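Taking it in order: structure first as structure tokens, then the write-up.
The values are calculated or read from the model by the stated rules, or taken from the named source; none is laboratory data. Predicted model only: the values in this text are computed from it and were never measured. Here Cβ is always computed from backbone atoms with ideal geometry, including for glycine, and neighbour counts include all displayed protein chains.
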Amino acid sequence: TPLAFPAKPLFGGMVASPPSSAPSRRCSRHRLFPPPSVAPSPRGSDHGFSPPPPSARRWRITSTKLGTGSFSDGVFSASGGGVEVAVKVVSSMVRGAPNIVNEAEILKRLGPHSNIVAMYAHGYARTIIEGCGGLLSRLPWSYPARVPLDAYCVVLEKVSGGELYDRIARAGRPRPLEEAEARRIFGGIAAAVSHCHAHGIAHLDLKLENILLTEAVGVKLIDFGLSHAYRPRGDGGSRGGYHRETPLQNLVGSSGYAAPEVWFNCGGYDGLTADVWSMGVILYLMLFGFFPFSREDDAAFADAVNALNEAQRQGRGRGLLVASSVREPPSPLAVELLDAMLTVKPSRRTKAKAVLGHQWLKRGDSTPLTERSLPAPTTPTKAVRVTEGLAPEGHGSPRSIMEDPFGAGKRKSI
């Protein structure tokens with residue numbers, strides 16, 4: 001189904017009008033351009049993390065399948081030189097190779113970071129996989145599949161703590177994570193995204209499923225296949241900045257997490273700014289257990305976004321974020337941070353670096369909001385009602401949170 005665009009102004013005056021050839025959500029799952037040429041990352045890191053150098057050039061894949069990807073045939077457990085790793089395999093050159101090559105090159109630029117999955121090697125299976133061409137068991141109940149010699153593989157750090165999505169889904173209560181735990185986890189997410197942005201990388205598919213937990217309750221950001229690498233300017237590094245003058249046009253990301261300017265394709269968007277909106281959705285899910293907006297209907301989403309934009313313009317955004325269906329609002333600092341990340345107008349949205357330095361992450365204020373700290377009631381208007389319904393019926397009621405915290409379940413990349 002082609003994209004639907006709201007007829008009313010979006011973001012306070014900008015009209016969302018379809019481009020000459022509007023992409024289809026079903027047809028826009030893959031990159032429409034070749035992977036960018038990215039500069040290698042300088043060695044070393046300011047984060048005290050250096051992955052152990054592999055002592056083997058070739059890796060042996062076991063029969064354990066760790067997971068699947070939107071653009072890969074699977075992620076398998078492997079080992080080499082005493083190091084346990086995860087190997088992402090793409091055997092279909094037409095469908096997934098550009099994305100996996102893009103991911104490898106971007107991970108090279110990013111270098112080591114304690115909150116980003118480490119890459120050990122990448123290349124064709126015949127050059128880095130021991131015994132390639134053998135059988136791999138896809139799943140216990142399915143037929144085995146061969147890994148061809150020309151399959152492209154990325155050897156990654158193995159993270160054993162599971163997805164953040166599963167951690168929140170298992171909680172099964174209106175407040176999935178206590179605020180202190182959410183702060184610890186989100187601090188790692190903010191550090192990872194801030195590092196990406198400092199190196200000119202927009203992730204573009206930030207979601208709970210792409211955040212893995214470590215045994216020490218740390219986080220690892222994964223899946224850079226849809227990411228965009230901005231071209232360096234000046235000295236070729238972060239000091240000289242990056243060329244971000246040309247807006248991105250591709251419809252990428254996942255339903256529920258994509259920023260309004262991405263979803264409605266309003267003349268292009270800035271990838272770093274779009275990432276910050278996705279960060280806001282992630283924190284909202286961690287604190288409340290449901291999405292701030294429903295994406296089942298584009299018109300309703302446009303109405304809610306326009307209403308929130310008007311509320312933020314009038315200085316009422318923070319109060320509207322704590323919707324009436326939320327029984328236990330978070331602390332004022334948490335609401336302030338959510339409001340900064342979920343600012344509708346991209347030019348006014350906060351930056352990832354500012355998120356990392358926000359007082360909620362630094363000071364640790366978890367004092368709940370009280371009725372006294374909430375804004376005074378206003379005369380109900382259409383804008384207020386729409387925005388107060390940030391958790392629509394079936395998404396925000398306490399009963400629905402217990403039964404299905406995320407509505408439609410895991411979100412696939414679009």
Give, as residue ranges, the helices (runs of 4 or more DSSP H) completely inside segment 299-371 that count at least 1 residues that are buried (at least 22 other Cβ atoms within 10 Å of the Cβ) and modelled with pLDDT of 95 or more. 332-341, 352-356, 359-363
Tell me yes or no: at least one residue of segment 94-113 is part of a loop (DSSP other than H, G, I, E, B) and at pLDDT 85 or above. yes
Examine segment 219-231 for a residue that is among the small types (Gly, Ala, Ser), modelled with pLDDT under 90 and in a loop (DSSP other than H, G, I, E, B), and state whether such a residue exists. no
Within segment 238-269, the count of residues that are part of a loop (DSSP other than H, G, I, E, B) and either of a type in the set (Gly, Ala, Ser) or within 15 Å of the chain's Cα centre (by Cα) (or both) comes to 13
Which of the residues spanning segment 192-207 are in contact with a helix residue (DSSP H, G or I) (Cβ under 6 Å, 6 or more places away or on another chain) and either surrounded by fewer than 22 Cβ atoms within 10 Å (Cβ to Cβ) or not hydrophobic (A, V, I, L, M, F, W, C) (or both)? Ser194, His197, His199, His203
Lone unmet requirement of (1) closer than 20 Å to Leu337 by Cα; (2) not in a helix (DSSP H, G or I) for Ala190: (2)
Answer yes or no as to whether Glu130 is of a type outside the set (Gly, Ala, Ser), modelled with pLDDT of 90 or more and surrounded by fewer than 22 Cβ atoms within 10 Å (Cβ to Cβ). no
